[in-house]
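Read through the structure below, which is laid out as structure tokens, and then see the notes.
The values are calculated or read from the model by the stated rules, or taken from the named source; none is laboratory data. No experiment lies behind these values; they were computed from the predicted model shown. Glycine also receives a Cβ, built like all others from the backbone with ideal geometry; neighbour counts cover every protein chain displayed.
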Amino acid sequence: MSKIQIDKAYISKIEEAIENMDLDFLRTTLNNLHPADIAELLDEVAMDDAKHLYHLLEDNELAAEVMLELEDDVREKFLKALSSKEIAEQVIENLDSDDAADILSELSEEKMAEVMSHIEDAELAYDIAQLMAYGEDTAGALMATELVQVNVAWTVTRAVREMRKQGEELDDIYTVYVVDDEEKLLGSLSLKRLFFSTASMRSTISELYDAKDLTSVTPDTDAEEVVSIMKKYDLVVLAVVDDSGHLLGRITIDDVVDYMQEEAERDYNMASGISEKVESDDSLWRLTRARLPWLLIGLMGGVLVSQVIAMYEEQLSLDPKLAFFIPLIAAMGGNVGVQSSAIVVQGLANNTVDVRNIFQRLIKEMGVALLNGLVCSLILLAFNLITHTSPALSYTVSISLFCVIVNAGVLGTFIPLTLNRFKVDPALATGPFITTMNDLLGLFIYFYIGQLMYGL
């Protein structure tokens with residue numbers, strides 16, 4: 001399959017062929033493209049044209065791969081346009097079990113049941129049902145049941161014969177697993193050692209397989225731990241076993257990369273104050289529902305901030321110039337808090353932050369905040385003195401800024417660590433939550449120091 005760049009010129013060429021009903025050109029072009037390129041093309045053209053192009057795909061396996069590569073919102077429209085039988089025959093039966101389970105999970109319960117009833121391969125239907133029973137963010141949800149395994153007692157001749165049969169269902173064979181008669185995982189078999197060993201074809205697998213350094217997880221292992229294990233040991237595939245050691249499936253690197261991308265998008269949305277995954281063309285209600293909760297939190301925070309300012313109305317009337325620096329104090333506190341929390345959240349995601357050493361982390365972040373606060377407050381003090389700002393106001397603003405930066409740095413470190421400890425997504429700490437909190441506390445600090453400086 002050829003790989004091309006889907007640019008405006010290419011899209012115009014395809015649209016012109018659609019308008020002229022040049023089906024031979026379209027059919028030949030599409031069926032020679034990579035699934036990812038076809039999916040990108042379908043994303044770019046009008047939906048009616050995309051559906052027309054999709055039906056020109058002659059190979060069901062290619063059509064299934066294209067469906068998998070489509071953007072979520074586009075795939076949703078395609079799935080709605082296909083009957084349950086078409087989804088089963090053209091898509092589900094031509095995908096690995098894990099990918100098939102992902103597609104099915106996007107359907108309504110009623111349509112999902114209809115699609116499952118049309119799957120002719122009973123073994124595939126059973127595997128999909130098992131995979132869909134696992135939790136969303138677990139190893140079981142990332143696992144595929146298709147793999148190559150050989151029995152430890154088989155001869156090399158039989159193993160090669162069985163591997164050829166099993167390999168027909170797989171696009172990539174990363175590892176050959178060795179099991180006993182009860183299908184308990186014993187180790188892995190190197191293809192290099194199998195084909196280039198001096199052992200005869202009558203030798204058994206027990207003489208060739210490697211039982212050392214075999215890493216595996218159980219289906220209920222957290223998906224983030226799976227990512228950490230594969231990253232730590234540079235694995236491209238990871239075995240999944242049950243509590244008794246029976247081989248259930250494998251997790252491949254492409255599924256882990258997809259999961260990491262989804263997690264990054266989810267954390268970015270959460271940090272931006274969007275509570276669920278949305279697309280730009282989603283319904284008005286869904287877009288509102290995703291954004292409104294954090295806006296309401298921000299609104300409540302703003303109301304509280306206004307009440308804090310009202311409490312110190314007398315101080316503001318004494319020196320109205322105090323109001324000039326309210327935005328600066330709030331903005332600096334929010335910026336420092338987001339910086340600190342972002343570093344901690346990233347460290348938790350990469351397992352570079354040890355939650356057992358929270359105190360040490362806080363001390364280190366306090367040191368950084370002290371240094372940053374000192375530099376910023378001295379710069380602001382120099383600016384105010386140069387511009388002939390009154391000494392009382394100059395010292396109030398500089399001291400307040402120093403205290404706010406230190407406070408925000410500590411909070412930005414402590415809050416995500418605390419959320420993580422209580423099994424709450426620490427990405428919450430990088431969004432409006434910590435910004436609003438820092439605004440509130442920052443103004444309290446500012447006006448309290450102002451009280452002391454002005455002798456109120």
Can you pull out the residues in the range 423-456 that are at pLDDT 70 or above and among the aliphatic types (A, V, I, L, M)?
Val424, Ile434, Met437, Leu440, Leu441, Leu443, Ile445, Ile449, Leu452, Met453
Selected residue [over 30 Å from the mean Cα position of the chain (by Cα), of a type in the set (A, V, I, L, M, F, W, C) and not in a loop (DSSP other than H, G, I, E, B)] from Leu53, Leu41:
Leu53
Across the range 103-154, which residue is modelled with the lowest pLDDT among those that are among the β-branched types (Val, Ile, Thr), within 29 Å of Asp243 (Cα to Cα) and in a loop (DSSP other than H, G, I, E, B)?
Thr145
Looking for whichever is touching a Pro at 6+ places or on another chain (Cβ under 9 Å), over 28 Å from Glu224 (Cα atoms) and modelled with pLDDT of 85 or more here; the options are Leu322, Leu370, Leu381, Leu385. Which one fits?
Leu385
Scan the range 138-166 residue by residue and report those that are touching a residue at least 40 places away in the same chain (Cβ under 8 Å) and either of a type in the set (Asp, Glu) or under 14 Å from Glu207 (Cα atoms) (or both).
Glu146, Val150, Asn151, Val152, Ala153, Trp154, Thr155, Val156, Thr157, Ala159
If we ask which residues in the range 5-55 are out of contact with any Asp or Glu (no Cβ under 9 Å at 6 or more places or on another chain), under 18 Å from Leu79 (Cβ atoms) and in contact (Cβ under 8 Å) with a residue 24 or more places away in the chain, their number turns out to be 5
Looking across the range 303-344 at residues that are part of a helix (DSSP H, G or I) and among the hydroxyl-bearing types (Ser, Thr, Tyr), the single one that is surrounded by the fewest Cβ atoms within 10 Å (Cβ to Cβ) is Ser317
Kindly list the number of the only condition in (1) assigned by TED's automatic domain parsing to the domain that holds Glu224; (2) surrounded by fewer than 20 Cβ atoms within 10 Å (Cβ to Cβ); (3) over 26 Å from Asp242 (Cα atoms) that fails for Lys85.
(1)
Candidate set from the range 217-231 (those that are polar (S, T, N, Q) and surrounded by fewer than 16 Cβ atoms within 10 Å (Cβ to Cβ)); member that is farthest from Asn151 (Cα to Cα):
Ser228
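Listed here are the residues, each with its yes/no results for (1) crowded, with 16+ Cβ neighbours inside 10 Å; (2) among the acidic types (Asp, Glu); (3) at pLDDT below 90; (4) more than 25 Å from Arg161 (Cβ to Cβ).
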residue: Ala211; (1), (2), (3), (4): no, no, yes, no
residue: Tyr233; (1), (2), (3), (4): no, no, yes, yes
residue: Gly249; (1), (2), (3), (4): yes, no, no, no
residue: Ala264; (1), (2), (3), (4): no, no, yes, yes
Checking the condition within 20 Å of Asp439 (Cα to Cα) and either among the basic types (Lys, Arg) or assigned by TED's automatic domain parsing to the domain that holds Gly347 (or both), which residue from Leu417, Leu371, Leu380 passes?
Leu380
Considering Val278, Val257, which residue is under 27 Å from Leu348 (Cα atoms) and either in contact with a His (Cβ under 9 Å, 6 or more places away or on another chain) or at pLDDT 75 or above (or both)?
Val257
